[in-house]
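Input: a single structure, listed below in C-alpha cells.
The values are calculated or read from the model by the stated rules, or taken from the named source; none is laboratory data. Here the structure is a predicted model, which is why all the values come from computation and not from measurement. Positions of Cβ are generated from backbone atoms using ideal geometry, with glycine treated the same way; all protein chains shown enter the neighbour counts. Areas reflect the complete protein model, heavy atoms only, side chains present, ligands, DNA and RNA absent. Shrake-Rupley method; radii C 1.70, N 1.55, O 1.52, S 1.80 Å.
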Amino acid sequence: MTTISDLITPALVTTDLAATDTRTAIDELAQLFEADGRVTDRTAYVETVWAREQETGGTGMESGIAIPHGKSGAVARPGLAFGRSRHGLDFGAEDGTPADLIFLIAATEGDDDLHVRVLSRIARRLIHESFRMALREADSPASVVEIIEQEVEL
Amino acid sequence: MKFVAVTSCPTGIAHSEMAAEALEVAAREAGHEIDVEVQGAAGSPPLDAATIRDADAVIFAVDATVRDIERFAHLPKVEIRTREAIDRAPAIVERAVAAAERGASESGAQGAAAATPAAGTGDDEDVFASVTGDAKGRAEEVRRWLMTGVSYMIPFVVAGGILTAAAFAITDAVEVTEITVFTEEEGLFLPGDLDVSTIAWIGAVLLSIGGVAFSMMVPVLAGFIAYAMADRPGIAPGLVGGLLADEIGAGFIGGLIAGLLAGAIVNALKRIPVSGTLKRMMPVLIYPLIGTLAIGALMVLVIGEPVATANQALESWLTGLTGANQILLGLLIGAMMAFDMGGPVNKVAYAFGILSLDAGNFAVMAAVMAAGMTPPLGLALATVVRRRLFTEPEHRAGQAAWLMGASFITEGAIPFAAADPLRVIPSLMVGSAVTGALSLGFGATLQAPHGGIWVIGVIGSPLLYLLAIVIGTVVTAACVIGLKSLRRSGQRAEPVAA
C-alpha cells in the first residue's frame, strides 16, 4: 500500500532551488527523481511536464504554488518532489504571482492507483493557508517531509 | 443554499482536487452546502440524482469536458476553469449564489467583471435558461426532462426529414414511395430489376434510410426522457416504451407518455430499500428487467386499447361528416393533422384524405397535405422571427423544418411540440385549421397522397393553394410566438400544468 512516505522523502526536497527560470527549476527537481531512481529518462520526463505547462498556460496559482506534473513512461516509480524558491518563478499564475512553492509530481503511465489519491490529497491540503505557511517556514528537507506527512493523514 | 459542482482536469490529479477543496471550503465558510464530483484519475463517485435535483445551482470548474453534463441541464450554472476556483473560490461561490437567485446561467468570462450579474433579460439569456430559475417547480422539471429527450431526438428528425425530402425532390414523389429496394428474402433490387429509372431508385434508397431514421424518433424521445429522469437505468425501459408507443399507434404523444412513465417506474424501483448482493443486482438486472416489463405491460395492456378505440371512433365520426360544411371539415381536418403529427389523430385525418381520394374527392387530400405542411413551416418562421424564444437545438431543428414543411413531413414540428406541448400544439392546430379550411374554401385539389411542394404540378388551383399554406404558416408562427412570449413575461406566476 502506497503511503505518503513512499512518495516523498527528504532526498526529494530542496529548500533552496538554484534555478532562476521555470524550465530549469523543473529539471532541477527532476534530477532529484533521477538520483532516487524514480525517473529513468529525465529528458523525456521533463519534456512531458514542460509540454503540459505550455499547453495549459502553466500550473501556477495566485497563492504562490505551482504543481507541474507529468505522467510518463519515463517514470519508474511515482513520486513527489518539492522545491522552495527564493527567486520566485513564473508558472503562469493568472495575476502574475511568482511561485515559490513548487511540487513536481511524477506519475507512472496508466497508473490510477492509490498514489494518485495521495497526490490528490496533498493538492487538496494546499488550499489551506496554514499548510502553505508551514512549508514556507520549514528549515530543512526533513521538516518539510514531516509537515507533509502530518498534513496528509492517510 | 445547496450547490453541486463538478471539477475536472485532463490528468485529474492536482487541479481538479484543489478546485474541489477550494469550493468546499469557500461554500462552507459562506454557510452553504456543496457536493463536489471530481472527474479524473482518482475521482469521486458520481453525484446522486436526488442531490442534483435539489441543488440551487451548479458550478463547473473544468479544464476538460464534463461527463454526463445533461444531468445538470435544469440548474443555473457558473462555468469557470479549475484555476479560477482555486484562486478565487469565495467569489465563485458568490457568483453561484447570484446565478441561483437570478435563475440564469452565466459562463466563461474570467476575472472580476464576470461577478457582475448580467443585466435583466439580455441576449445571453435564452428561454431555457430564463425559466430554470423556478427549477423547483414540478412543471419546470418536466420541461427539463422533455428538453433532454428532444435534444437527443433532433438528429434523427433532421437526418430522416432531409433524406425523405431529398427523395421527394429528386424524383416523382408518388412513384418513389412505391419502389421496394430491399426485401429480406430476395435482397437488393437494382434499377434494372425493378424497371425504374436510376434516379427514382436512388430516391427510394434515400427514402428507406430516412424512414428508418424517422422510426427511431419516438423511441429515442422516450428513451432519453426516461434517461433525464432516472439516469442510465431509464434508457432501456424508455426506448422499449417508445417503440411500443409506435407499435400501438400512439405516436409521439404516446412516446412522451411512455418516456415519462418509464422514468417514473425506474425512479420508483430505485427507492426500494435493498442491501448486499441484491443491491448490486439492481442496476444490471432489476432496473432493466422490471422497468421494461412494467412499461411494456402498461403500453400494451393498458394504453393500447383505448388508443385503438379512440381511433376507430374518430374515423367513423369523420366519415360521417362527408358532405357536411366544407369549411368546418377543413378546420377539423387541419386541426387533427397538427394535433399529434404522425400520431393516431393525424393518421385518422390522413386516412380520411386517402379514402376521399379513392372516392374521387380530391379536395380533402389537398387540405390534409396543406395542413400537414404548415406546422414545420410555421415553427421555422417563428425561430427566425423571434430567435430568443427558442433554444439552440430548436434553432437547428428550425432550419431543417423549412425543407420538411415544404415536403409535407409534418414530423419536423415534433421537436418543438415535444419540448413545449401545451403551447406549441394548440398553435399548430390553429394554423393548420386555418390552412385546411382555406384550401377547401379555395377549392384546391390534389391527386397525390404525399410530396408537398414537389407535387405542385398535380395540384388544382396551385396559387390559391400556396396562399392557403402561407397564411397558415404565418398564423402558426404568430400563435407560437404569442403563447411563448406570454410565458416569458408572466413566467414566475404561471405554472405549466403537465
B:143, B:88, ranked by accessible area, largest first (probe 1.4 Å): B:88, B:143
With Cα atoms, 0 to 90° folded angle of helix B:392-406 axis to chain B main axis: 10
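Gain in length, residue B:274 to residue B:388, computed as 0.36 nm per residue apart minus the alpha-carbon separation, to one decimal in nm?
36.3 nm
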Interface size B-A, as summed buried accessible area [1.4 Å probe, Å², nearest 100]: 2100
Built amide H within the under 5 Å cut-off of residue B:59, gap 5+: B:4, B:5, B:6, B:78
Residue order for B:35, B:231 - accessible surface, 1.4 angstrom probe, largest first: B:35, B:231
Burial order of peptide ranges B:237-249, B:154-166 (average beta-carbon count within 10 Å, highest first): B:237-249, B:154-166
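Could you compute the net charge surrounding residue B:252? Neighbours are other residues with a C-beta less than 15 Å from the C-beta of residue B:252; K and R count +1, D and E count -1.
Taking every Cβ under 15 Å from that of residue B:252, the sum is -4.
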Trypsin sites (Lys or Arg not before Pro) lying in DSSP loop within segment B:269-311, provided at most 12 other Cβ fall within 10 Å: B:271
Inter-probe distance in nm under a simple model that places probes 7 Å from Cα toward Cβ, at residue B:174 and residue A:21: 8.0
Under 14 Å from residue B:484, Cα to Cα: aspartates and glutamates that are on another chain or at least 8 residues apart: B:126, B:394, B:420, B:494
Peptides ranked, highest mean first, by Cβ atoms within 10 Å: ranges B:341-347, B:455-461, B:472-478: B:472-478, B:341-347, B:455-461
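Would you work out the Kirkwood radius for segment A:4-151? I mean one over the mean of 1/r across all pairs of different Cα atoms, in Å.
14.9
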In sequence order, calculated HN-Hα J values of segment A:136-148 (Karplus, 6.51, -1.76, 1.60; Hz; x Gly/Pro): 6, 9, 4, 9, 8, x, 5, 6, 4, 4, 4, 4, 5
Using alpha-carbon coordinates, inclination of helix B:198-215 to the longest axis of chain B, degrees: 50
Shielding by other protein chains, A:120-132, mean Cβ within 10 Å: 5
Estimated FRET transfer efficiency when R0 is 45 angstrom, pair residue A:133-residue B:282 (beta carbons, to 0.05): 0.40
Estimated vicinal HN-Hα couplings, Hz - segment B:257-266 in sequence order (Karplus 6.51, -1.76, 1.60; Gly, Pro = x): 5, 4, x, 5, 5, 4, x, 5, 5, 5
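With a probe of 1.4 Å, find how much accessible area chain B has per residue, and write the answer as a whole number in Å².
Averaged over the residues of chain B, the accessible area is 40 Å².
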Shielding by partners - mean other protein chain Cβ count within 10 Å, residues of A:62-68: 3
Normalised per residue, the volume of the convex hull around the Cα set of the protein assembly as shown (Å³): 196
Shielding of B:15-28 by partner chains, average beta-carbon count, 10 Å: 4
Carbon and sulfur %, accessible surface of the protein assembly as shown computed with the full protein complex present, 1.4 Å: 60
HN-Hα J in Hz across segment B:234-246 - Karplus 6.51, -1.76, 1.60, θ = phi - 60°, x for Gly and Pro: x, 4, 4, x, x, 4, 5, x, x, 4, 5, 4, 4
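I'd like the trypsin sites (Lys or Arg not before Pro) in segment B:350-392 restricted to DSSP loop residues with at most 13 other Cβ atoms within 10 Å, sorted by number.
none
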Ellipsoid semi-axes in whole angstrom, largest first, where each is sqrt(5λ) of the Cα gyration tensor of segment A:1-63: 21, 15, 14
